[in-house]
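Heads up, the thing below is written out as structure tokens.
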Amino acid sequence: MCSHYEAPSRQAMLEAYGLATDETWSTDLWPGYSGPLVRLAPATDPHDEAAPALEALAGTFGLLPAWAKDDKLARRTYNARSETVATKPSFRTAWRQARHCIIPAAAIYEPDWRSGKAVATRIWRRDGKPLSIAGLWERWRSPAGDVVHSYTMLTINADDHPLMSNFHRPGAEKRMVVLLPQARIKDWLTASADESAEFMRPYPADRLVAEHRPSR
């Protein structure tokens, strides 16, 4: 599971996704904060042979379904388990309607408990490019009438992953976010609901680096 991550720089967004934007968001992100998401531009035809157009926009980290009474729900909906996403009330509409997005991250943080206490660990791509996390997005209207976009990260079991199995409390199930290679990004964004499960696979451990974050 992931509740803390870093957004990439604007230059990294441009290089990785070809997107320049004036949207603003936090760099150090926690549930309820505003962060970047990448999705198909609204006018894009996914069946067009030309490369589909993408857009980057700011959204709340934590999915807000149409029925949410306020944005506090985001503190509990920042991760969606791939095994139950199709049936959980908070996520099932976005899953069934294939509201796929990419959540770009310079790095994610997970707790390493192997020493007997939680040690924050920074995890990033070995090549330095942004992590492309598979996610779902929603469009919510606040009680004040404002339109708010939001997103959640999809997760899978990581009990057997050489790297990600090192994190979280002893005895607890190990989880990891779904990371997509560059070549699969547009496939995910244009995939149908029936095709979504095909992308729920672990990312190779040798393409990631993990380092304990120095204590402050």
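The values are calculated or read from the model by the stated rules, or taken from the named source; none is laboratory data. Since this is a predicted model, take the numbers as computed values, not measurements. Here the Cβ is made from the backbone with ideal geometry for all residues, glycine too, and neighbour counts use every protein chain on show.
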For Ala94, state whether it is closer than 19 Å to Ser34 by Cβ, modelled with pLDDT of 95 or more and either part of a loop (DSSP other than H, G, I, E, B) or hydrophobic (A, V, I, L, M, F, W, C) (or both). yes
Taking Glu198 and the conditions (1) farther than 16 Å from Cys101 by Cβ; (2) surrounded by 15 or more Cβ atoms within 10 Å (Cβ to Cβ); (3) modelled with pLDDT of 95 or more; (4) more than 16 Å from the chain's Cα centre (by Cα), which numbered condition does it fall short on, given that it satisfies the others? (2)
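Kindly check whether there is at least one residue in segment 129-147 that is within 16 Å of Leu37 (Cβ to Cβ), part of a loop (DSSP other than H, G, I, E, B) and either over 13 Å from the mean Cα position of the chain (by Cα) or at pLDDT 95 or above (or both). Lay out the reasoning, then the answer.
Applying the first criterion (within 16 Å of Leu37 (Cβ to Cβ)) to segment 129-147 yields 130-140, 147.
Going one step further and asking which of them are part of a loop (DSSP other than H, G, I, E, B), we end up with 130.
Next, from what is left, pick out any that are either over 13 Å from the mean Cα position of the chain (by Cα) or at pLDDT 95 or above (or both): 130.
Yes, because at least one residue in segment 129-147 is within 16 Å of Leu37 (Cβ to Cβ), part of a loop (DSSP other than H, G, I, E, B) and either over 13 Å from the mean Cα position of the chain (by Cα) or at pLDDT 95 or above (or both).
Is there a residue being more than 18 Å from Met13 (Cα to Cα), under 19 Å from the mean Cα position of the chain (by Cα) and surrounded by fewer than 21 Cβ atoms within 10 Å (Cβ to Cβ) anywhere in segment 33-44?
Step one: list which residues in segment 33-44 are more than 18 Å from Met13 (Cα to Cα), which gives 33, 42-44.
From what's left, under 19 Å from the mean Cα position of the chain (by Cα): 33.
From what's left, surrounded by fewer than 21 Cβ atoms within 10 Å (Cβ to Cβ): 33.
Scanning segment 33-44, I find at least one residue that is more than 18 Å from Met13 (Cα to Cα), under 19 Å from the mean Cα position of the chain (by Cα) and surrounded by fewer than 21 Cβ atoms within 10 Å (Cβ to Cβ), so the answer is yes.
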All positions within segment 53-73 that are surrounded by fewer than 24 Cβ atoms within 10 Å (Cβ to Cβ) and either in a helix (DSSP H, G or I) or at positive phi (or both): Asp71, Lys72, Leu73
Listed by first then second residue, the pairs whose first member lies in segment 128-141 and is of a type in the set (Ser, Thr, Tyr), whose partner is not in a strand (DSSP E or B), with beta carbons under 8 Å and at least 6 positions apart or on separate chains, are Ser132/Ala16; Ser132/Leu180; Ser132/Pro181; Ser132/Gln182; Ser132/Ile185
